[in-house]
Structures are given as C-alpha cells and as structure tokens.
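The values are calculated or read from the model by the stated rules, or taken from the named source; none is laboratory data. Note that the coordinates shown come from a computational prediction; the quantities given were computed from them, not determined experimentally. Positions of Cβ are generated from backbone atoms using ideal geometry, with glycine treated the same way; all protein chains shown enter the neighbour counts.
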Amino acid sequence: MGDTGIVVVYLIYGLAFFMLAVGIVARIFGMPRIKLVKPLIFLAVFGFIHGVDEYLDLLIIFEMGKNIIYLHTLFNALSYTFLMFFAIEFLSIFLNIPMLLRLSPIFIFIGWLIIYMSIENYENKHIIGEVLSRYLIGFPAGFVSGYVVIYYRKRIAENIKAISDSLLLAGIFLILYAFFTLVSHKLPYLPANIINNENFTNAVGIPVQVFRAVCAIGMLISFVRSLEVLDIEARRSIERKMEERIRDYKEKLSMKTLLIDIVRHDMLNILGIAKSYLDFSKDAEDEKERKILLEKAYTSINRAIDFIERIKKLSILEEIKDIETKELSLKSLIEGSIEGLKPYIEKEKIEVEFKAEDDYKVVANPILEEAFQNIIMNAIKHAKEGRKLIIEIKEFNDKYRIYFRDFGPGIPNEYKKRIFERFEKGSKKGIKGAGLGLAITKKIVELHKGKIWVEDNKPKGSVFVIEIPKFSNR
C-alpha cells in the first residue's frame with residue numbers, strides 16, 4: 001500500500017472514532033437523565049482519545065517527531081482504559097459495584113505504565129508497549145463491554161424491541177472491535193509474529209484499521225439509535241408524569257372546592273338548626289321546654305363539631321399513601337368497634353350478632369377499627385327499622401371478607417357504588433347513610449390494599465362487604 005493509501009486509511013480510522021465521540025455527545029446533550037447516558041460519556045471519551053491516537057500514529061509513520069511515539073503509545077493505552085470504564089459503568093446500572101472495582105481500570109493502566117517504563121529495548125519499546133496495551137487492556141475492555149451490553153440489553157430496553165435490537169448490534173460491534181485490537185504491529189514474539197497488521201492485510205486484502213473504523217461507525221449508529229428511542233420514551237414518561245401530576249392537582253383542587261361547598265352548605269344547615277332552637281328557647285315560657293330546646297341546639301352543635309372532625313380526618317387520609325402495620329386480631333377489632341358504639345346500639349335497641357370462631361390474624365393498622373365502626377354506625381342510623389345487624393368473617397385463601405348484614409330499607413342498585421364516592425356533589429341525594437363515614441371507610445380499606453362494596457341482603461336490607469389481604473403491606 002502506497003503512502004497515499006496509508007494516509008487515507010488512518011484519516012478514515014481516526015475520523016471514525018472522532019465521529020463516535022462527537023455523535024454520542026451530540027445525542028446525549030440535552031437528553032433527560034436516563035441510565036445509559038453516563039456509561040456512554042466514557043465511550044465518547046474513548047472514541048476521542050483513540051481518534052487522536054490514530055492521527056499521532058500517522059505522524060509517526062511519516063517520522064514527524066520522535067517524542068510523539070511515546071505520546072501515541074500512552075494515548076493508545078489511555079483510550080482502552082476509558083473503554084474499560086464504559087464496561088464498568090454500564091454494569092453498575094444493574095449491579096452494586098464496589099469502589100475498588102470501579103477504580104480497577106486506573107490500577108490496570110498504572111500496571112501497564114510500570115511495565116512499559118521498565119522495557120529496555122528502546123528500538124521497539126513503543127511497539128511492545130502498544131501491543132501490551134492491546135492485549136492487557138484493549139481486548140478485555142472491548143470484549144467485556146460487548147458482553148455486558150448484549151447480556152443486559154433487555155433490561156435497558158424495557159420490552160422495547162427497537163432498543164433491544166440496537167443494543168444487540170452495538171454489543172456485537174464492540175466484541176468484533178475487541179478481536180480486531182489483537183491485530184497489532186509485527187514483533188518476533190507470539191502471538192504478534194502471527195497476528196499482525198502485515199499478515200492480516202496480506203490475508204484479507206484490506207487493512208485492519210478499516211474494520212476497526214467500521215466497528216466504530218457501527219457502535220455510533222447502534223448507540224445513537226438506542227438513545228433516540230430511549231429519549232422518546234423518557235420524554236413520554238416525563239409527559240405522562242406531568243399529566244398525572246396536573247390531573248392529581250386538578251382533582252385535589254376540585255375536591256377542595258367541593259369540600260368548601262359541602263362544608264358551607266352542611267354547616268349552614270346544622271348551625272341554622274342550632275340557631276333556630278336557640279331562638280325558640282329565648283321565647284319559651286316553660287323552663288322544661290327551654291331545656292329541651294337547648295339540648296337540641298347542643299346536639300346540633302355537636303353534630304357540627306363531629307362533621308368538622310370527619311372532614312379533617314378524610315383530608316388527612318387523602319394525603320396518605322402508605323400506613324404502618326402490625327399483626328392484629330380482626331375479632332378484637334370488631335369487638336372493640338361494637339363496644340365503642342354500645343350506647344348508640346342500646347339507645348336504638350339494635351341487636352348486634354357477632355360470632356367468631358378464631359382470632360383471624362391480619363397485618364393491619366389499628367385505624368381499621370374505625371372503618372368497622374363507620375359501617376356499624378351507618379346501620380344503626382339508617383337501617384334501625386330492621387333492628388338487627390349480623391357481622392361475620394369468612395376466610396378466602398390469603399384474604400378475609402367481613403360481612404355486615406342489616407335488615408333496613410336497602411340501597412338501590414344505581415347508588416351502590418356512588419355511596420362510597422368522595423364529595424360527589426348531588427350524587428348521594430336521597431340516599432340514607434350517604435355521609436362522610438363511608439368515604440372515610442373506603443379510604444381506610446384502600447390503604448390496606450382492600451376493597452369495599454355493598455350487596456342486597458335477602459329478603460331485605462343491605463350487606464356491606466370489606467375484603468382485605470391477610471398481609472396488607474408485607
């Protein structure tokens with residue numbers, strides 16, 4: 001091959017690696033912080049240093065500076081060191097890599113440098129140093145890089161075929177490049193006396209630098225294609241998250257607006273009733289009548305306080321995403337609910353029947369007792385004409401179902417879901433038992449990864465069903 005051919009080959013070779021560096025940097029610039037970006041920065045540095053190294057090699061061929069020989073050998077080993085950093089950083093996306101192993105490319109480079117500096121054969125020193133860098137650093141770095149890219153490509157791709165295929169090609173080009181690095185300058189030692197540039201060109205007819213350049217371009221195209229698809233997916237993900245946040249914000253804003261409206265409406269009603277009783281008490285001539293009116297006003301004020309407490313509780317529950325849990329007994333929680341409501345049960349003369357054959361251990365939060373209380377209280381208030389409430393627990397594999405059977409008027413089918421809705425203006429009109437208690441109950445059950453619904457009781461009444469996992473948050 002003539003001088004012109006050599007110049008063209010090295011120009012193409014160096015340019016290919018500069019393109020690898022510039023192409024990757026240009027693609028990742030301004031991208032969201034996706035997990036592939038950091039390793040590719042090391043690959044870009046490898047491409048840049050390797051491109052500089054090849055142009056230094058071109059200067060050496062034309063004897064344009066003796067000191068450049070040592071700089072060329074140093075750059076050659078340094079570029080492979082960054083390729084090894086790429087492999088380790090790529091691997092660290094999925095594995096917890098110890099700091100010592102992360103720094104191992106530096107130790108290997110220092111080891112190579114010590115060997116290189118100790119070589120006494122000054123005539124072939126730079127050639128021996130370059131061959132050693134190819135065998136000790138270049139080949140392992142390229143092969144390991146290709147292997148980890150191919151092995152972990154599906155975890156990067158996340159079921160996106162275009163990314164997986166592009167990374168597969170990138171890994172193949174890295175492994176091919178690793179094998180082409182083994183073709184080095186000719187030396188009178190194995191394997192450089194057999195696998196060298198001269199023998200490769202004679203056998204194939206094309207310099208090995210052309211194949212390395214093709215690998216560099218292949219890596220560039222494959223990684224850039226992967227980044228393009230990842231960029232699109234990352235931006236879509238950000239857009240989805242932003243949409244979810246906006247939707248959540250709008251929902252909360254809407255809920256707060258409705259909450260204010262409900263508080264204003266309901267509080268005015270309750271306090272209006274209390275004021276009326278107080279006004280009547282002023283004009284009451286009989287002391288006994290005045291006392292009755294004041295007691296009714298007192299009851300209305302207590303209802304207002306209770307209403308405010310429930311609103312506050314529901315607002316807090318709406319913000320909670322998770323709760324602390326411990327092992328509890330469903331039997332004890334339900335018994336505690338019944339005991340806490342005993343004055344109301346006795347006052348309305350409701351018969352509450354609850355039999356439990358076991359403790360029914362569950363991993364839950366004690367707040368679950370309030371959910372049970374709300375259902376029982378709902379039956380006391382709005383199904384008291386049936387005079388009876390039956391509570392039972394049934395076990396279904398890894399879940400429990402708690403049934404609350406009342407014998408009241410029942411709930412029409414069109415309202416069975418709506419009674420649990422939060423602040424749905426007008427949706428609960430005409431439904432008995434459509435206060436905040438059921439909304440609070442639903443939220444508590446959902447925090448336990450459970451469900452709540454209502455069914456018809458035969459022949460009359462309703463059955464409220466709470467289903468919760470035995471191990472809610474384990």
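Against the numbered list (1) closer than 21 Å to residue 142 by Cα; (2) in a helix (DSSP H, G or I); (3) free of Cβ contacts under 8 Å to residues at least 60 places away in the same chain, residue 127 comes up short only at (3). Considering only residues that are surrounded by fewer than 21 Cβ atoms within 10 Å (Cβ to Cβ) and free of Cβ contacts under 8 Å to residues at least 60 places away in the same chain, look in the stretch 16-36 and name the one that is farthest from residue 233 (Cα to Cα). The residue in question is 18. Remark: residue 322 falls outside the filter, which requires a residue to be in a loop (DSSP other than H, G, I, E, B) and more than 20 Å from residue 447 (Cβ to Cβ).
Identify the residue in the stretch 287-332 that is among the small types (Gly, Ala, Ser) and modelled with pLDDT of 80 or more and, among all such residues, is nearest to the chain's Cα centre (by Cα). The selected residue is 329.
With the requirement that a residue be of a type outside the set (Lys, Arg), surrounded by fewer than 24 Cβ atoms within 10 Å (Cβ to Cβ) and at pLDDT below 90, what does the stretch 379-393 give you?
Filtering the stretch 379-393 down to residues of a type outside the set (Lys, Arg) leaves 379-380, 382-383, 385-386, 389-393.
From what is left, the residues that are surrounded by fewer than 24 Cβ atoms within 10 Å (Cβ to Cβ) are 380, 382, 385-386, 390-393.
Those that are of a type outside the set (Lys, Arg), surrounded by fewer than 24 Cβ atoms within 10 Å (Cβ to Cβ) and at pLDDT below 90: 380, 382, 385, 386.
For the criterion of being hydrophobic (A, V, I, L, M, F, W, C), more than 36 Å from the chain's Cα centre (by Cα), in a strand (DSSP E or B) and closer than 22 Å to residue 439 by Cα, residue 391 passes. Residue-level check: of (1) closer than 21 Å to residue 50 by Cα; (2) modelled with pLDDT of 90 or more; (3) more than 48 Å from the chain's Cα centre (by Cα), residue 219 misses just (3).
Is it true that some residue in the stretch 115-126 is closer than 30 Å to residue 169 by Cα and in contact with a helix residue (DSSP H, G or I) (Cβ under 7 Å, 6 or more places away or on another chain)?
Applying the first criterion (closer than 30 Å to residue 169 by Cα) to the stretch 115-126 yields none.
So far as the stretch 115-126 goes, no, none of its residues is closer than 30 Å to residue 169 by Cα and in contact with a helix residue (DSSP H, G or I) (Cβ under 7 Å, 6 or more places away or on another chain).
Looking at (1) out of contact with any strand residue (DSSP E or B) (no Cβ under 8 Å at 6 or more places or on another chain); (2) at pLDDT 90 or above; (3) aliphatic (A, V, I, L, M), can you tell me which one residue 367 breaks? With (1) out of contact with any strand residue (DSSP E or B) (no Cβ under 8 Å at 6 or more places or on another chain); (2) at pLDDT 90 or above; (3) aliphatic (A, V, I, L, M) applied to residue 367, the lone miss is (2). The residue pairs whose first member lies in the stretch 200-228 and is part of a helix (DSSP H, G or I), whose second member is among the basic types (Lys, Arg), and whose beta carbons are closer than 6 Å, counting only pairs six or more residues apart or on different chains, are 224/27; 227/27.
Looking at residue 47, is it in the same structural domain as residue 126 (by TED's automatic domain parsing), small (Gly, Ala, Ser) and part of a helix (DSSP H, G or I)? Walk me through it before giving the result.
Details: in the same structural domain as residue 126 (by TED's automatic domain parsing): yes; small (Gly, Ala, Ser): yes; part of a helix (DSSP H, G or I): yes.
Yes; evaluated as a whole, the condition is true for this residue.
One residue alone among 86, 107 is in the same structural domain as residue 42 (by TED's automatic domain parsing) and closer than 24 Å to residue 156 by Cβ, and that residue is 86.
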